[in-house]
Amino acid sequence: MGLTPQKSLLPMLAVSLSAVLWGLWWIPLRWLDDRGLRGDWASFAIFGLASLALLPLVIRRGRWSADQIKALLAIGVPLGIALVMWNHAVIHGNVIRVVLLFYLSPIWATLMARFMLAAPIRPTRWLAIILGLAGAAVILEVDILTSDRVSAEYSSADVMALLSGVCFAFAATKTRVHTGVRELDKTFVSVLAAAGVALLFIVATKTPPPFQAVGGLLAVASGVALFFLLPTTALLLWGAGLLDPGRVAILLLLEVLTAAISSALLTSEPLGLRQLLGCALILAAGLMESAPGLRRQKA
């Protein structure tokens, strides 16, 4: 038995609002990047400040056991990697293509659950996998067909988007294994790991410190961390904890639509027939993936 329609309204609104905000996440990241707090430095600042804000709450909740630490690392580290790769991709890549490639994560999660948890794959999920991969093929072919060359920067963004989805799927699979871990603790470890991964990226790419851009931009990054990242994450975790996973998955597809509309309005990035076809295929895959959960809830 699920929640009654009246009781499920607020959780649905929370997940929907979170999805819309995640679809707009690229805007503050690109704003900071354009003004000197470049890519991975922006990620380091935002996730570092978020982890500092959560630290007192985590300390107040008490110590972790050895098993809890192992579970948190198994979930938080891949999720932190996913967050940084995602930021890199939406800053440097085509927003809608990056979002769509990330949203192949349910496919990776299905395959990981099959091999890691021996979970069966129903026929509808095989169809979802086929639709999702077909959508990815359409999306990745866009630059090859319409451009004289494919820039290394954009190719890097595509790879980052795909790997981000893989890491996110791995973290989601581990969440199914390690139940009973508090959402606050998972969020803290994830943003802390993301700050560490961003710092590693900075060192690896030898990105110079943004000395001239610190001051006011750090204040903006603090605002993004405290009033965008953490509330958006809290809305998602609270709402998702009260709803059927199938319904949550469908509501999260609002992120794709929001990213597509906002990037079409605010950037010069193309949104043509191929992008729309890829979007339709991947959205269809998401709906196919979510359908079994909804049927179970109605039953």
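The values are calculated or read from the model by the stated rules, or taken from the named source; none is laboratory data. Note that this is a predicted model, so its numbers are computed, not measured. Glycine also receives a Cβ, built like all others from the backbone with ideal geometry; neighbour counts cover every protein chain displayed. Surface accessibility is based on the protein's heavy atoms, side chains included, excluding ligands, DNA and RNA. Shrake-Rupley method; radii C 1.70, N 1.55, O 1.52, S 1.80 Å.
With helices as the sole contributors, the chain gives -27000 deg cm²/dmol at 222 nm; each DSSP H run of n ≥ 4 counts as -39500 (n - 2.57), and the sum is divided by every residue.
The listed residues Leu72, Leu13, Leu162 rank as Leu13, Leu162, Leu72 when sorted by accessible area, largest first, using a 1.4 Å probe.
Rounded to the nearest 10 square angstrom, Ile27 shows an accessible area of 60 square angstrom against a 1.4 Å probe. Computed over protein heavy atoms with a 1.4 Å probe, the carbon and sulfur contribution to the accessible area of the chain reaches 71%. Which whole-number percent of Cα pairs in the chain have a distance greater than 26 Å? In whole percent, the share of Cα-Cα pairs in the chain beyond 26 Å is 45.
Taken per residue, the accessible surface of the chain reaches 50 Å², heavy atoms only and a 1.4 Å probe.
Assuming charge only on the beta carbon of Lys and Arg (+1) and of Asp and Glu (-1), the dipole of the chain about its Cα centre is about 1040 debye to the nearest 20.
Each of Lys174, Lys70, Lys206 has its accessible area taken with a 1.4 Å probe; listed largest first, they run Lys206, Lys70, Lys174. Taking the charge dipole of the chain about its Cα centre, with +1 at Lys and Arg Cβ atoms and -1 at Asp and Glu Cβ atoms, the residue from Gly76, Trp64, Phe188 reaching farthest to the positive side is Trp64.
Assuming charge only on the beta carbon of Lys and Arg (+1) and of Asp and Glu (-1), the dipole of the stretch 6-60 about its Cα centre is about 180 debye to the nearest 20. Both the radius of gyration and Dmax for the stretch 70-120 are 13.3, 37 Å, in that order, over alpha-carbon atoms. For the stretch 1-85, the average shadow cast by the Cα convex hull is 8.4 nm², which is a quarter of the hull's surface. Summary of the geometry: the stretch 224-270 and the stretch 13-40, compared by the centres of their Cα atoms, lie 10 Å apart.
The count of lysine pairs in the chain with alpha-carbon distances below 21 Å, taking only pairs 8 or more places apart or on different chains, stands at 4.
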